[in-house]
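For reference, the structure is listed below as C-alpha cells.
The values are calculated or read from the model by the stated rules, or taken from the named source; none is laboratory data. Nothing here was measured: the structure is a model prediction, and the numbers come from that model. Ideal geometry is used to build each Cβ from the backbone, glycine not excepted, and the neighbour counts take in all protein chains shown. Surface areas here come from the heavy atoms of the whole protein model, side chains and all, with no ligands, DNA or RNA. Shrake-Rupley method; radii C 1.70, N 1.55, O 1.52, S 1.80 Å.
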Amino acid sequence: MKKVKVYKNFINGKWVKSHTGKTFENINPADTTDIVGKFQLSDERDVNDAITAAAEAFKTWRLVPAPKRAELLYRVGQRLWSDKEQHANDMTREMGKVLAETRGDVQEAIDMTYYMAGEGRRSFGQTTPSEMMNKFCMSIRQPLGVCGLITPWNFPMAIPAWKMMPALIMGNTVVIKPATYTPLSVVNLIKALEAEGLPPGVVNMVTGSGGAVGSPMMHDPRVGCVSFTGSTAIGRKVSAACAPDFKHCHLEMGGKNAIIVMDDADIDLAIDGCLWGAFGTTGQRCTATSRIILHKKIYDKFARKFVARAKELVIGNGLNAKTQVGPAVSEPQMNTVLEYMRIGKEEDGAKLLLGGGRVKGGKYNKGWFTQPTIFGNVTNKMRIFKEEIFGSVVDLIPARSYDHAIQLANDCDYGLSASIYTKDVNRAFKAMRDVYTGIFYVNAPTIGAETHMPFGGTKHTGNGHREACTQALEVFSEWKSVYIDFSGVIQRPQIDNQ
Ligand code: UN1
C-alpha cells in the first residue's frame with residue numbers, strides 16, 4: 001500500500017504536530033480508495049499556540065511598510081502561478097471539481113494576491129481641510145491584530161486568499177482554519193508564503209473540526225476579527241461568538257440564486273448560462289444557479305432543450321479532461337443532496353424532469369456522484385424553492401410576467417447573486433435595480449465573480465460586509481481620524497470659530 005503523507009499544522013513558522021497526537025484523513029471524493037493525506041486533528045491548545053504566535057508576530061508585522069508587505073505578496077502570486085498545475089491537481093483530488101475549475105480557483109487566489117499587493121501602495125485615506133486655522137485633518141487605516149479565518153471547501157485556495165491577502169496587506173496577522181475536506185490547498189498556499197520569506201507567526205494554520213478549532217478561535221479575546229464563509233446556521237453562531245467582544249465579524253453564507261429568462265431572451269445563450277450556473281462545480285458554489293425563473297411563453301421550449309443538454313453532461317473524476325461534472329465533496333454532502341432530490345419528488349406539483357438520484361455502477365461506486373437533476377413546475381411554496389441545496393439540483397419556475405419573475409426572484413431568504421436574460425435594455429436596467437442581491441448579471445449566469453469587484457450578499461447571505469475589491473479592506477482594518485494642530489494655541493471646534 002502507498003504510504004499516506006502526514007501534514008502538520010503551521011505555527012510560528014514551523015510545521016508542528018497537534019497536541020492531540022491524532023490525525024484525520026482527507027479522501028478523494030471521486031475515488032474513496034485514494035487517501036490524499038492525513039492532517040492534524042487539532043484542539044484548543046493548538047489554537048492557543050497559533051494565536052499566541054500571531055499576537056507576537058503582529059508587534060513587528062504591523063510596522064513593516066505596506067509596500068514591503070506587498071512585495072512579498074507579489075512574489076507569492078508569481079510562485080502560485082508557477083505551481084498552478086500541481087495545486088490544481090491536488091485540489092481536484094481533495095475536492096472533486098474538474099481541473100479547468102481548480103486551475104480557475106488557483107487563478108482566483110493569484111488575482112486576489114496581486115490585487116491586494118497593489119493596495120500596499122494605495123490604501124488611500126483622506127486629507128481634508130480643518131474648520132480651524134493652522135490645523136490639518138487626515139484619516140488612516142490601522143490593522144486589527146490577529147484575524148481568525150474560517151474557510152470553506154468549495155473554493156479551497158481562492159477563498160483563503162480572499163481573506164488572507166487583505167488581512168496581511170493591512171498589517172494584521174492570521175490564524176486560518178481550513179475546511180476539513182480541503183486542507184491541502186491551504187497548505188499549498190502557506191508553503192508559497194513560507195518559501196517567499198513570510199516572517200514566523202504572521203500566518204498560522206490549524207486543521208481540525210469547527211467545534212474544536214473554529215470555536216475556540218472565534219471566542220478568544222486576542223482575536224480582533226473573524227471572517228467566515230460557510231452555512232447560514234454556522235454563520236449565526238460565529239456572529240453570536242463575536243458579539244460580546246464586538247469583534248469585527250465578516251460572514252459570507254448561503255445562496256439560492258435565480259436566473260430570470262424573459263420571453264425575448266436568446267434561449268440558447270440562456271441555456272448555456274443555466275447549465276454552467278447550475279451544474280458547474282456540481283452546483284457547489286454559493287453563487288450556483290438553483291432557481292431558473294422562466295417566462296411562461298418560453299417555458300416549454302426552454303425546459304425541453306435544457307433537459308436535453310443537461311443529459312449530455314459528462315460526469316466523472318475531475319482529473320479526466322473530458323469530465324464536466326465532478327462528485328459531491330463528501331458522503332454527507334451527497335446524502336444532503338439526495339435527501340433534497342427525495343423532497344423534490346414528494347413536493348405537490350413539482351415534476352422531476354431529469355436525474356433524481358445517485359450515479360451508480362462501475363467506477364462511480366467509488367465516489368460520491370449525484371445526477372444532474374431538474375425539477376419542473378416548481379412554485380414558491382416548495383422547500384426546493386426556498387432552501388439551499390448546494391448540489392446538482394435546479395428548479396424551473398414558470399412566471400406570468402416580468403413583475404411576477406422579479407417577485408419570485410426576491411421571494412427568498414438569501415440574496416447573493418441573480419441574473420436576467422433579455423434583449424430589452426430597459427428591462428435589464430429595471431431588473432438590475434429591482435432584484436435585491438449583492439451581485440447581479442445581465443445575459444450571464446449567477447457564477448463567475450471577479451476579484452476586483454465587491455463580493456457578498458444581502459439578507460441571510462451576509463452581514464453587510466463585502467469581500468474582494470477595496471471593500472475587503474473595511475473588514476480587515478479600522479479607520480483612525482487624525483487631527484494635527486500647528487497653531488500653538490488651544491482651538492475649540494464648533495465654539496471658537498462661531
Ligand atoms: C463561492 O461559491 O463561495 O463568483 C465563491 C463565483 C466565484 C466565487 C464563488 N468567483 O462563482
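Distance cut-off 22 Å, Cα to Cα: go down the list 17/191; 22/363; 97/296; 322/345 and report the pairs above it. Can you show the working numbers first?
Values: 17/191 16 Å; 22/363 31 Å; 97/296 34 Å; 322/345 30 Å.
Distance filter (> 22 Å) returns 22/363; 97/296; 322/345.
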Length gain on complete extension for the stretch residue 15 to residue 81, per 0.36 nm per residue less the alpha carbon to alpha carbon distance?
-> 21.4 nm
Over the heavy atoms of residue 205, what accessible area does a 1.4 Å probe trace out, to the nearest 10 Å²?
-> 0
How large is ³J(HN,Hα), in whole Hz, for each residue of the range 35-51 in order, when computed from phi with the Karplus curve 6.51 cos²θ - 1.76 cosθ + 1.60 and θ = phi - 60°, using x for Gly and Pro?
-> 8, 6, x, 10, 10, 5, 8, 7, 9, 5, 5, 5, 4, 4, 4, 5, 5
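Per the 1.4 Å probe, what fraction of the accessible area of the range 257-442, in percent, lies on carbon and sulfur atoms?
48
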Hey, got the Cα dimensions of the range 1-140 along the principal axes, in Å, largest first?
-> 78, 38, 22
Straight-line reach from residue 459: which lysines have a Cα under 22 Å away, not including same-chain ones fewer than 8 places off?
-> 163, 237, 247, 256, 381, 386, 430
Once normalised by the length of the chain, the mean sequence separation of its alpha carbon contacts under 8 Å that are 6 or more apart gives a contact order in percent of 18
Largest to smallest accessible area among 429, 306, 390 [probe 1.4 Å] | 429, 390, 306
Given unit charges at Cβ for Lys, Arg (+) and Asp, Glu (-), the dipole magnitude of the chain about its Cα centre in debye, nearest 20, is 740
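Rounded to two decimal places and with Rh computed the Kirkwood way over Cα pairs, what is Rg over Rh for the range 257-442? Please list the in-between numbers first.
Values: Rg = 15.8 Å, Rh = 16.5 Å.
A ratio of 0.96.
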With x for Gly and Pro, the residue-by-residue ³J(HN,Hα) of the range 84-95, computed from phi through the Karplus equation 6.51 cos²θ - 1.76 cosθ + 1.60 at θ = phi - 60° and given in whole Hz, is 4, 5, 5, 5, 5, 4, 4, 5, 4, 4, 8, 10
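Quick check for you: with a 1.4 Å probe and neighbouring chains kept, what is the accessible area per residue of the chain, in Å²? Don't skip to the answer; put the middle values down first.
Details: 20860 Å² over 498 residues.
For the chain, the solvent-accessible area averages 42 Å² per residue.
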Debye log10 I(q)/I(0) for the range 169-261, one point scatterer per Cα, at q = 0.22, 0.25 Å⁻¹ = -1.21, -1.38
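Calculate, in whole percent, how much of the Cα-Cα pair population of the range 270-334 lies beyond 17 Å.
On the way: 973 of 2080 pairs.
The proportion of pairs with Cα distances above 17 Å equals 47 percent.
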Given the convex hull of the Cα atoms of the range 385-448, what is a quarter of its surface area in nm²?
-> 4.6
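Semi-axes of the equivalent ellipsoid of the chain: what are they in whole Å, largest first, if each equals the square root of 5 times a C-alpha gyration tensor eigenvalue? Write down the numbers at each step before the final one.
On the way: eigenvalues 324, 190, 69 Å².
Gyration-tensor ellipsoid for the chain: 40, 31, 19 Å.
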Order of exposure, largest accessible area first, which applies to 69, 304, 309 with probe 1.4 Å | 304, 309, 69
Quote the relative contact order of the range 225-268 in percent (integer), defining contacts as alpha-carbon pairs under 8 Å separated by 6+ residues.
-> 42
Report residue 414's accessible area, 1.4 Å probe, all protein chains in place, as a number in Å² to the nearest 10.
-> 40
Quick one: how many Å² of residue 181 are accessible to a 1.4 Å probe, rounded to 10?
-> 80
Treating the beta-carbon of each Lys and Arg as +1 and of each Asp and Glu as -1, no other charges, what is the dipole magnitude of the range 257-442 about its Cα centre, to the nearest 20 debye?
-> 520
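Could you sort 370, 60 by accessible area so the largest value comes first, with the probe set to 1.4 Å?
Working: 370 0, 60 95 Å².
Descending order: 60, 370.
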Sorting 497, 316, 295 by the position of each Cα along the dipole of the chain (Lys, Arg +1; Asp, Glu -1; all at Cβ), the one nearest the positive end of that ordering is 316
Kirkwood Rh over alpha-carbon pairs of the range 80-215 plugged into Stokes-Einstein at 20 °C, 1.002 mPa s gives a D in µm²/s of 132
So the carbon and sulfur contribution to the accessible area of the range 117-219, 1.4 Å probe, in percent, is 57
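What FRET efficiency comes out for the pair residue 234/residue 453, r = Cβ-Cβ distance, R0 = 35 Å, nearest 0.05?
Working: r = 26 Å, r/R0 = 0.73.
Efficiency, from the Cβ-Cβ distance: 0.85.
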Could you tell me which of 409, 365, 343 has its Cα farthest along the dipole of the range 257-442 towards the positive end, charges placed at Cβ (Lys, Arg +1; Asp, Glu -1), taken about the Cα centre?
-> 365
Counting sequence-distant residues (5 or more places) and residues on other chains, those with an amide H built under 5 Å from that of residue 27 are 36
